[in-house]
Amino acid sequence: MNEFYQKDIISIKDFDKENLEKIFAATDKIMNLAPSERREICKGKTLGYLFYEPSTRTRLSFDSAMASIGGNSLGISDVSSSSTQKGESLADTIRIMSIYSDALVLRHTLDGSSRFASEVSEKPVINAGSGTEEHPTQAIQDLFTIKKEKKKIDGLKIGIVGDLKYGRTVYSLLYGLGNYDVDVRLISPESLKIRSDSVYEIKKRLDYTESTNLEEHIDELDVLYVTRIQKERFPDEEEYLKLKGSYVVGLDLLKQMKSDSIILHPLPRIDEISPDVDKTQNAKYFEQAEYGKHVRAALLGLILNENGF
Ligand code: NCD
């Protein structure tokens, strides 16, 4: 039996290097299959999604991933139009959705929401963003992108810049990178450093340095992972306005980077990468979004087929 069959994907902490490498191999396989072969993988299967927060890429990439492997998807992308407005609990909504689908994808404002959903759901649950806590499929996509574009992960110098306090993709990426031998530089304004309650967990997995100055590190990096300041998570808008625009990656900064370095971003981008960077060979964030579809198709193929594909 394939080890991912019927498995929940709640935290990337549940995956070791061997698990990740198997997902990467399955993703490569998906990318190399003819479309007609791909469509056999989840033929007749249904993915259910519930999004309690806005999303473009994550939801559409799950949708198109499922379609590419022959399945279909249904769900609620705007919970304000569902029975939640009538007072239905998350537990009941999950139970109902799990009747209609073979696997569930959940995005929710609360930390712990996906873990809770997996306890009440009969079907496997995939966390597509739980509060400020984690976004594991994004991290698998990020690691896969690094591996494809740099041909390795071990030995790289990786800078992560922006909102490290509220950015859930950062936490999942750090836990995932803990499986590799990497040199990590965390760069953020003082007030947006990684949360102190997560420091212990991260330090257990990898070594990192912290700084407020991107220029200090820029010429050494192999990967620059840029994140958006998470406006919606700030308790105080004034505070957001002060920090907005703290780091902007433009062509002048790019000149200081190694020519073969890559720039990633989970997207959406606001103003932290200037659009004229998009056409450079270093910009890989749109490729990253495309890999996301294949990574999710591979995950769904593994979760929904006892013997893999
Ligand atoms: C991220 C998220 O939702 O955490 N978006 C995504 O899924 N690609 C990043 C963000 O919103 O900044």
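The figures follow:
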item: Pair list, Cβ under 9 Å, 6 or more apart: the range 59-73 residue closer than 9 Å to Y49 by Cβ, other residue assigned to a loop (DSSP other than H, G, I, E, B) and open to solvent by less than 10 Å² (accessible area, probe 1.4 Å); result: S73/S101
item: When residues of the range 240-268 are limited to those that are modelled with pLDDT of 95 or more and of a type in the set (D, E, K, R), the one farthest from K151 (Cα to Cα); result: D252
item: Answer residue from the range 236-256, given it is assigned to a loop (DSSP other than H, G, I, E, B) and more than 25 Å from the chain's Cα centre (by Cα) and is farthest from E287 (Cα to Cα) among those; result: D236
item: Matching residues in the range 43-64 - criterion: being surrounded by 15 or more Cβ atoms within 10 Å (Cβ to Cβ), touching a Gly at 6+ places or on another chain (Cβ under 8 Å) and closer than 17 Å to I30 by Cβ; result: K45, L47, S61
item: Within the range 49-90, tally of residues that are closer than 16 Å to R38 by Cβ, away from the ligand (no atom under 15 Å from the Cβ) and among the aliphatic types (A, V, I, L, M); result: 3
item: Some residue of the range 209-221 being in a loop (DSSP other than H, G, I, E, B), open to solvent by 90 Å² or more (accessible area, probe 1.4 Å) and within 16 Å of the ligand (Cβ to nearest atom); result: no
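Conditions (1) more than 16 Å from the ligand (Cβ to nearest atom); (2) buried (at least 18 other Cβ atoms within 10 Å of the Cβ); (3) of a type in the set (F, W, Y), marked per residue:
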position	(1), (2), (3)
K157	yes, no, no
L186	yes, yes, no
D197	yes, no, no
E201	yes, no, no
T227	no, yes, no
K231	no, no, no
F234	no, yes, yes
E239	yes, no, no
K244	no, no, no
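The values are calculated or read from the model by the stated rules, or taken from the named source; none is laboratory data. As the structure is a prediction and not an experimental result, all values here were calculated from the model. Positions of Cβ are generated from backbone atoms using ideal geometry, with glycine treated the same way; all protein chains shown enter the neighbour counts. The protein model used for the area step is the full one, side chains on, heavy atoms only, and it has no ligands, DNA or RNA in it. Shrake-Rupley method; radii C 1.70, N 1.55, O 1.52, S 1.80 Å.
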